[in-house]
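*Asks:* Starting off with a structure, shown below.
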């Protein structure tokens, strides 16, 4: 019996559990990494190579954008899909502004209650006190962003540019990917980035560079079936990916052991460093791709462990990524304020890490519950 | 995705975190903290005006790129440490760090950024971006002279802060030449020199791993690195400005 022709993920029915799982995991990692000096952040991916949770989050965002909107476009036309995308962009924008206000209010509260005005300065909110009208104006333009509020603006810009490209992604995925890589290379070479506020600052995540991760995800959602038969033949790709991951983890390990670090010759170190995050260094990008390739081989969409009850909270968080992302960013500041009172206490780091993840999970469950209720009501 | 993958992951975490367990203290030897300049203007300001005004001029290190929180940037730390050490003295520190700038770009804004603050000290963190861009050494030296002249004409003392000792800088073929030129120009122009490169190298040679003080881009200081540099810089400045109040042994815990 011959299997039916493979269906691209964007047409396949049902939900790919991997997307929720890894997006949830990325959200957990982002939270843990945002608590300073956090011992628990040892489990996050950034310690074992070049890339971190941001790549995972942006990649899956691109992948799910195609899955969510291409079906709509094919069924109800481009205009309807584009309108829905812009409604989503609007939701992201509202979420970002709400997060900005809540974030600022929390810091204002903490600094008034504890009489520590320097907290405002610490969180890059000083612009707000010096020139509030200008700062609010710049915040509305996404140019003024306190510390750690950089990911949503990137996502907003990426998704806002997405509708005109959606039909092209379905029809000429490889051309879109080529164009995306071209823009990435040009931005790297010509130092393109969007301006930020205050003057002379640029976006922490350069959209012209980071778009390549988003469109890699988007294109893969279309061309995935074309890759499947190549898995066995592409032993070399797998071997290269494994070798590269080992190389990256060796470099990462060398940051912890000077005896290993001394083994790295100067000419090699000169090629490696610096590993720029703002402009997505090619080493980071390749590291993410190698990781994605291996994960794709190891974790099939129906992998059993994805359904293990202990991973359920992670998947729930991934299903409500926008709410949980905002909540995580907000809680990371709370954690920071709490931990800063017990600077070197490992117990406080572990407690706020766990508490944050528990709160994020509870809210994700509540969101699912509300959604289910709304569906029953409708 | 099976048991062995899980076991490998656990093993990796164990291996990595063992390396992290051995966190070392923030320190530097006394000679390395010597600025080689009395900072006379700053000392007079502290004694007579009960005030110290510092402009931190520099690039990403000064701006605090790489720290999880701007309060860990060395200028913010410098302010906190000086305030704690000199109660009753008004301490102002203006952060004028702009990421990516080299000596030339900073000279261009030196007057604009220093003048309005009436600085007693300009801490000028410079050299790394010039070294990465391979600026000719003579041109680099001329820029430094020009910048210091501008600051001096505005009535400020200088503390030059040289390159950071991090993988991206150490890999350069001639990073020590830039550090050498900075030391020469500082001496010639009667400026203080905060030997960040040598201080951080001593950390490394004492066995402190890069992961403790550098972010994983291999270029920028992380929270620990920023805090420690801020603390050591405050000790250097205190020694010059307020010699009666010796900061004690330089080897102190964080």
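*Asks:* Quick one: of the DSSP bridges fully inside region B:28-240, what percent are antiparallel, nearest 5? Walk me through the numbers on the way to the answer.
*Replies:* Details: 1 of 21 bridges.
Restricted to region B:28-240, the bridges split so that about 5 percent are antiparallel.
*Asks:* Would you compute, from DSSP H runs of 4+ residues alone, the mean residue ellipticity of chain B at 222 nm, taking -39500 (n - 2.57) per run and dividing by the full residue count, rounded to the nearest 500?
*Replies:* Details: 12 runs with 125 residues, N = 254.
Dividing the helical sum by the residues of chain B leaves -14500 deg cm²/dmol.
*Asks:* Give me the number: length gained by fully extending residue A:161 to residue A:368, i.e. 0.36 nm times residue separation minus the C-alpha to C-alpha distance, one decimal in nm.
*Replies:* Values: separation 207, 0.36 × 207 = 74.52 nm, distance 2.92 nm.
Residue separation times 0.36 nm, minus the Cα-Cα distance, leaves 71.6 nm.
*Asks:* Now, a different point. Once every DSSP H run of n ≥ 4 in chain A is given -39500 (n - 2.57) and the sum is divided by its residues, what mean residue ellipticity at 222 nm do you get, rounded to the nearest 500 deg cm²/dmol? It would help to have the intermediate numbers written out before the result.
*Replies:* Working: 18 runs with 263 residues, N = 378.
Taking each H run of at least 4 residues, the total per residue is -22500 deg cm²/dmol.
*Asks:* Tell me the relative contact order for chain B as a rounded percent, counting alpha carbon contacts under 8 Å between residues six or more apart. Display every interim value, and only then the final one.
*Replies:* Numbers: 441 pairs, mean separation 74.4, N = 254.
Here the relative contact order equals 29 percent.
*Asks:* Please report the relative contact order for chain A, taking Cα pairs under 8 Å with a sequence separation of at least 6, and give it as a percent rounded to a whole number.
*Replies:* Working: 409 pairs, mean separation 114.5, N = 378.
Computed over chain A, the figure is 30 percent.
*Asks:* Turning to a different aspect of this structure: Among B:193, B:221, B:137, which one shows the biggest mean-square fluctuation in a GNM of chain B, springs joining Cα atoms closer than 10 Å?
*Replies:* Fluctuation is largest for B:137.
*Asks:* According to a simple spin-label model (label point 7 Å from Cα along Cα-to-Cβ), what is the distance in nm between residue A:83 and residue B:105?
*Replies:* A separation of 4.6 nm, rounded to one decimal place.
*Asks:* For the pair residue B:44 and residue A:199, what calculated FRET efficiency results from E = 1/(1 + (r/R0)^6), where r is the Cβ-Cβ distance and R0 = 41 Å, to the nearest 0.05?
*Replies:* On the way: r = 33 Å, r/R0 = 0.82.
Step by step, r from the Cβ atoms, then E = 0.75.
*Asks:* Quick check: Cα centre of region B:92-126 to Cα centre of region A:274-295, how many Å?
*Replies:* 34 Å
*Asks:* Using the 10 angstrom Cβ neighbour count as an exposure proxy, how do A:203, A:234, A:90 rank, fewest first? If you can, show how the numbers build up before the last one.
*Replies:* On the way: A:203 21, A:234 15, A:90 12.
Arranged by neighbour count, lowest to highest, A:203, A:234, A:90 become A:90, A:234, A:203.
*Asks:* Mind running the shape call on region B:28-240? Use the C-alpha gyration tensor, a ≥ b ≥ c as the square roots of the eigenvalues: rounded below 1.5 for a/c, prolate if a/b tops b/c, oblate otherwise. Write down the numbers at each step before the final one.
*Replies:* Values: a/c = 1.55, a/b = 1.19, b/c = 1.31.
Because a/c hits 1.5 or more and a/b fails to exceed b/c, region B:28-240 counts as oblate.
*Asks:* Let me ask something additional. Could you please rank B:54, A:107, A:310, A:282, placing first whichever residue has the fewest other Cβ atoms within 10 Å of its Cβ?
*Replies:* Details: B:54 26, A:107 23, A:310 7, A:282 15.
Ascending Cβ contact count within 10 Å gives the list A:310, A:282, A:107, B:54.
*Asks:* Sticking with this one: If I build a Gaussian network model for chain B, linking alpha-carbon pairs within less than 10 angstrom, which residue out of B:179, B:168, B:84 has the largest mean-square fluctuation?
*Replies:* Judging by the Gaussian network model, the answer is B:84.
*Asks:* Could I ask something else about it? Between A:76, A:138, A:55, where does the largest GNM mean-square fluctuation fall for chain A, given springs only between Cα atoms within less than 10 Å?
*Replies:* With Cα springs under 10 Å in chain A, the top fluctuation among A:76, A:138, A:55 is at A:76.
*Asks:* Which of A:307, B:96, B:115, B:231 comes first, and how do the rest follow, when ranked by fewest Cβ neighbours within 10 Å?
*Replies:* A:307, B:115, B:231, B:96
*Asks:* I need the shape label for region A:218-336. Rule: rounded when a/c is under 1.5, else prolate if a/b > b/c, else oblate, with a, b, c from the alpha carbon gyration tensor. Present the calculation step by step, with values, prior to reporting the outcome.
*Replies:* Numbers: a/c = 1.99, a/b = 1.17, b/c = 1.69.
Judged from the Cα gyration tensor, region A:218-336 comes out oblate (a/c at least 1.5, b/c at or above a/b).
*Asks:* Separation between the residue A:140 and residue A:304 pseudo-spin-labels, each 7 Å from Cα along Cα→Cβ, expressed in nm?
*Replies:* Calculated label separation equals 5.7 nm.
*Asks:* Same structure again: If you fit an axis through the alpha-carbon atoms of helix B:223-241 and take the longest principal axis of the Cα set of chain B, what angle between them do you get, 0 to 90°, nearest 10?
*Replies:* So the helix axis and the longest Cα principal axis differ by about 30 degrees.
*Asks:* Kindly list the residues of region A:233-257 that lie in the label zone of residue A:294, defined by a backbone N under 14 Å from the point 7 Å along the Cα-to-C-beta vector.
*Replies:* The answer is A:237-253.
*Asks:* Determine the percent antiparallel among the DSSP beta bridges restricted to the protein assembly as shown, to the nearest 5. Don't jump to the answer; show the numbers that get you there.
*Replies:* Values: 2 of 22 bridges.
Antiparallel bridges: around 10 percent, rounded to the nearest 5.
*Asks:* Another one. What distance in nm lies between label points placed 7 Å from Cα along the C-beta direction at residue A:243 and residue A:311?
*Replies:* Placing both labels 7 Å along Cα→Cβ, they lie 3.0 nm apart.
*Asks:* Using Cα-Cα distances under 8 Å and only pairs 6 or more residues apart, what relative contact order does region A:1-92 have, in percent?
*Replies:* Numbers: 48 pairs, mean separation 24.2, N = 92.
Result for region A:1-92 is 26 percent.
Where a number appears in this text, it was derived from the coordinates with a stated rule and is not lab data. Just so it is clear, the structure is predicted and the values come from calculations on it, not from any experiment. As a convention, Cβ positions derive from the backbone with ideal geometry for all residues, glycine included, and neighbour counts pool all protein chains shown.
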